[in-house]
Amino acid sequence: MELENNTQISKFILLGFSEEPELKPLIFGSFLAMYLVTVLGNLLIIMVVSSDSRLHTPMYFFLSNLSFVDICFTSTTIPNMLWNIQTQSKVITYEGCITQMYFHILFAGLDDVLLAVMAYDRYVAICHPLQYMVIMSPQLYGLLVLLSWIMNIMYSLLHSLMVLRLSFCSDLEIHHFFCELSQVIQLSCSDTFLNNIVIYFSTVLFGGSPFAGIIYSYSKIVSSITGIASAQGKYKAFSTCASHLSVVSLFYGTILGVYLSSAVTHSSHTSAIASVMYTVVMPMLNPFIYSLRNKDIKRSLNRFYLGMPGIKLPVTRKK
C-alpha cells in the first residue's frame with residue numbers, strides 16, 4: 001500500500017453516530033441542549049464562587065477550576081460536531097484534527113488531576129481539620145493547580161508530537177464524532193509500536209497516579225470518619241466529600257465503561273456512544289451534583305439570584 005506523507009494530508013472524515021438523515025435533527029438538538037446546559041451550569045458555578053467571599057476557600061477554588069475545565073472539555077468536540085451536522089459536512093482538517101486531539105487530551109487529563117487534588121483537599125479537611133488553613137495555604141493550592149496545568153500541557157503535547165511523526169494511508173475515516181487519539185493512530189500506515197508504548201506508559205503514570213491518590217485519600221477519610229463517636233459528626237464529615245465522591249464515581253465509571261465497551265464489542269460505533277458519557281454527560285451533571293448536594297453552593301445561589309436586578313425570590317416566613 002502506498003504511503004502518504006503526513007505533510008500532504010489535508011483532511012480527515014468524522015463519521016459520527018449515524019448515516020440516517022432523519023436522525024440528524026434529533027442528534028443535533030440533543031447535543032446542542034446538553035452543550036448549553038453544560039456551559040451555563042458550569043459558568044454559573046464559576047460566577048457564584050467568584051462573587052461570594054464565603055466561598056473563597058481551597059475547595060471551591062478547585063471546584064471553579066474544574067467547572068472551567070469542563071466547559072473547555074466539551075467545547076473541544078461538541079461545537080465542531082454541531083457545525084458538521086448543520087453544514088452536512090464530515091470533514092475536519094489535518095491541523096484541526098491534531099489541535100482538537102491535543103486539547104481533548106489536555107482537558108481530560110486536567111479533569112483527572114483536579115479530582116485527585118480535590119480528594120487531597122478533603123483528606124486534609126477531615127483528617128487534619130485544625131491544621132487545614134495552614135496546610136492548604138493560597139500558595140499551595142495555587143501551586144497545585146499550576147502544576148496540574150503544566151503537567152497536562154506537556155502530556156498532551158507529547159501525544160500530539162508522537163502523532164505528527166506518523167504517515168497515513170488513503171483511508172482517513174474516523175469512526176467517531178471527534179479526533180480521538182487511538183482512532184487517529186489506527187489510521188496510520190507507519191509503525192505505531194512506539195505510540196502505543198507511550199500511550200500505555202503515560203496512561204498508567206498520568207491516569208493511574210491520580211486515581212491511586214484518590215483511593216489513598218478516601219481510605220484515610222473513611223478511617224477518620226469511622227473513628228468519630230457521634231452519628232451526627234460522621235454524617236457532617238461525610239457530607240463534606242459526598243459531592244466530590246459522586247463526581248469521582250461518575251468520572252471513572254464512565255471512562256471504565258468506554259474501555260470495557262471497546263474491549264468487549266470491538267465496535268467503534270459503540271465506543272463513540274460510550275464516549276458521550278465522559279465527554280458530554282459528565283461535565284453536564286457536575287454542576288447539578290455540586291449544587292444539589294452542597295448547602296454552601298445552594299445558599300450562595302440564592303444570594304446570587306437575589307443580587308441580580310429584577311429578580312425577587314419569594315420570602316419564606318418563619319413560624
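The values are calculated or read from the model by the stated rules, or taken from the named source; none is laboratory data. Here the structure is a predicted model, which is why all the values come from computation and not from measurement. Cβ coordinates were reconstructed from backbone atoms using ideal geometry, including for glycine residues, and neighbour counts include every protein chain displayed. Ligands, DNA and RNA are excluded from the accessible area calculation, which covers all protein heavy atoms including side chains. Shrake-Rupley method; radii C 1.70, N 1.55, O 1.52, S 1.80 Å.
A few notes on this one:
- Some residue of the range 32-48 being touching a strand residue (DSSP E or B) at 6+ places or on another chain (Cβ under 9 Å), touching a residue at least 24 places away in the same chain (Cβ under 8 Å) and either within 27 Å of Ser137 (Cα to Cα) or crowded, with 21+ Cβ neighbours inside 10 Å (or both): no
- Filter pass, Ile27 being more than 24 Å from Arg122 (Cα to Cα), open to solvent by less than 50 Å² (accessible area, probe 1.4 Å) and touching a helix residue (DSSP H, G or I) at 6+ places or on another chain (Cβ under 7 Å): yes
- The residue that is surrounded by the most Cβ atoms within 10 Å (Cβ to Cβ), among those in the range 80-134 that are farther than 22 Å from Asn65 by Cβ and charged (D, E, K, R), is Lys90.
- The condition (being modelled with pLDDT under 80, closer than 25 Å to Phe107 by Cα, open to solvent by 40 Å² or more (accessible area, probe 1.4 Å) and out of contact with any Pro (no Cβ under 7 Å at 6 or more places or on another chain)) is satisfied by just one residue among Tyr252, Tyr259, Tyr305: Tyr259.
- For the range 271-288, the set of residues classified as over 21 Å from Val113 (Cβ atoms), of a type outside the set (Gly, Ala, Ser) and either open to solvent by less than 50 Å² (accessible area, probe 1.4 Å) or at pLDDT 75 or above (or both) consists of Val276, Phe288, listed by residue number.
- The set of residues from the range 65-79 being of a type in the set (S, T, N, Q) and surrounded by fewer than 18 Cβ atoms within 10 Å (Cβ to Cβ) comprises just one member, Ser75.
- Residue identified as hydrophobic (A, V, I, L, M, F, W, C) and over 30 Å from Val222 (Cβ atoms) among Val117, Val198: Val198
- Yes/no for Leu144 being crowded, with 17+ Cβ neighbours inside 10 Å, under 16 Å from the mean Cα position of the chain (by Cα) and among the aliphatic types (A, V, I, L, M): no
- Of all residue pairs spaced 6 or more apart or on separate chains, those with beta-carbon atoms under 6 Å, a first member in the range 59-77 that is closer than 24 Å to Ile98 by Cα and a second member that is open to solvent by 10 Å² or more (accessible area, probe 1.4 Å) and hydrophobic (A, V, I, L, M, F, W, C) are Val69/Phe107; Ile71/Val39; Cys72/Phe107; Phe73/Phe107; Thr76/Phe103.
- When residues of the range 161-187 are limited to those that are more than 16 Å from Thr77 (Cα to Cα) and charged (D, E, K, R), the one surrounded by the most Cβ atoms within 10 Å (Cβ to Cβ): Glu173
- Taking the range 188-219 as the range and being in contact with a strand residue (DSSP E or B) (Cβ under 9 Å, 6 or more places away or on another chain) and surrounded by fewer than 17 Cβ atoms within 10 Å (Cβ to Cβ) as the test, the residues that pass are Cys189, Ser190.
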